[in-house]
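Sharing a structure below in structure tokens format, with a few things to ask.
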Amino acid sequence: MRICRATDYNDMSRKAAQIILAQIIMKPNCVLGLATGSSPIGTYEQLIEWYNKDELDFSEVTSINLDEYKGLSPEDPQSYRYFMNTHLFDHVNIDKNRTFVPDGLATDSEKSCAEYNVNILKQGGIDLQLLGIGRNGHIGFNEPGTVFKKETHCVDLTESTIEANKRFFDSEADVPRQAYSLGIKNIMQARKILVVASGEDKADALYNAIHGEITPEVPASILQLHNDVTIVADEAALKRF
Ligand code: F6R
């Protein structure tokens, strides 16, 4: 595991974007695994800035998102598809037909998850998986207690995640209780993993993930077993290191 120390959120975002830029330069037709949430927003902004300066070309890139709330349509401003469109896809020359986000409105959850898994393989697997980390150590929506060998599946969100995500909704009651998520197995199959973390509220999760026991109780701790993980975190998130 490589740990890149950043001074603050902006520095973290710039460093993470540099790693993604390098990935796209080295393999223009790469498959990026992407995340939503507040952690990668600055990274996406930096990528858009470089795209606007002609330093980046997304025309051959494929993206596969980690997760989506169950029950939300792509047009719903709280959906992760909407998030990805507004924070990245609408601003760069990525082919939207090659951007994949789990279908929040799938009527047959199991079939839709199975198809998502098949599609990852069809695209050649994920070259670089970008991850945020939850305060309880979740990655994607793989909550504490998750089975490591799981692939894309439907998850019941924990109270801690509902609490953390309610800031994006009008009220806590509006936060969906379930979501679709890549499983730990899919994440671990990515060739490279890039974790971004900012702020003191991530300090314990980050410390436990990197230095704690490898346990389903801290889903991110499984990353200790991956051979190409880079963590870009700011001083506040790294305060226990
Ligand atoms: C988002 C995702 C989540 C977040 C995590 C951290 O697609 O899969 O695991 O990365 O909840 O969220 P933020 O960045 O908002 O603190």
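Specify the residue that is farthest from E68 (Cα to Cα); the eligible residues are those in the stretch 1-47 that are more than 11 Å from the ligand (Cβ to nearest atom) and assigned to a loop (DSSP other than H, G, I, E, B).
T7
The rows are residues; the columns are (1) buried (at least 19 other Cβ atoms within 10 Å of the Cβ); (2) within 29 Å of I210 (Cα to Cα); (3) free of Cβ contacts under 8 Å to residues at least 12 places away in the same chain.
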position	(1), (2), (3)
K96	no, no, yes
P102	yes, yes, no
A114	no, no, no
N117	no, yes, no
L121	no, yes, yes
G124	no, yes, no
L128	yes, yes, no
L131	yes, yes, no
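Return the residues of the stretch 50-73 that are of a type in the set (D, E, K, R), in contact with a Leu (Cβ under 9 Å, 6 or more places away or on another chain) and either surrounded by fewer than 18 Cβ atoms within 10 Å (Cβ to Cβ) or modelled with pLDDT under 95 (or both); say none if nothing qualifies.
E55
In addition: May I ask you to list the residues in the stretch 31-42 that are under 20 Å from R98 (Cα atoms) and β-branched (V, I, T)?
Hits for the stretch 31-42 are V31, T36.
Show the residue pairs meeting these rules: Cβ distance below 6 Å; 6+ apart or different chains; first residue within the stretch 198-214 and closer than 20 Å to M12 by Cα and touching a residue at least 40 places away in the same chain (Cβ under 8 Å); second residue in a helix (DSSP H, G or I) and away from the ligand (no atom under 12 Å from the Cβ).
If the second residue must be in a helix (DSSP H, G or I) and away from the ligand (no atom under 12 Å from the Cβ), the pairs left are A209/S221.
A further question follows. Quick one: in the stretch 121-138, of everything that is of a type in the set (A, V, I, L, M) and assigned to a loop (DSSP other than H, G, I, E, B), which residue is nearest to the ligand (Cβ to nearest atom)? Spell out the reasoning first.
Step one: filter the stretch 121-138 for residues of a type in the set (A, V, I, L, M), giving 121, 126, 128, 130-131, 133.
Those still in the list that are assigned to a loop (DSSP other than H, G, I, E, B) too: 126, 133.
Numbers: I126: 14, I133: 6 Å.
Going through the qualifying residues, I end up with I133.
From the residues in the stretch 159-188 that are crowded, with 17+ Cβ neighbours inside 10 Å and in a loop (DSSP other than H, G, I, E, B), which one is nearest to the ligand (Cβ to nearest atom)?
Per the stated criteria, the residue is L182.
The values are calculated or read from the model by the stated rules, or taken from the named source; none is laboratory data. In this text, all values refer to a predicted model and were calculated from it rather than measured experimentally. All Cβ positions, even for glycine, are placed from backbone atoms using ideal geometry, and neighbour counts span all protein chains on display.
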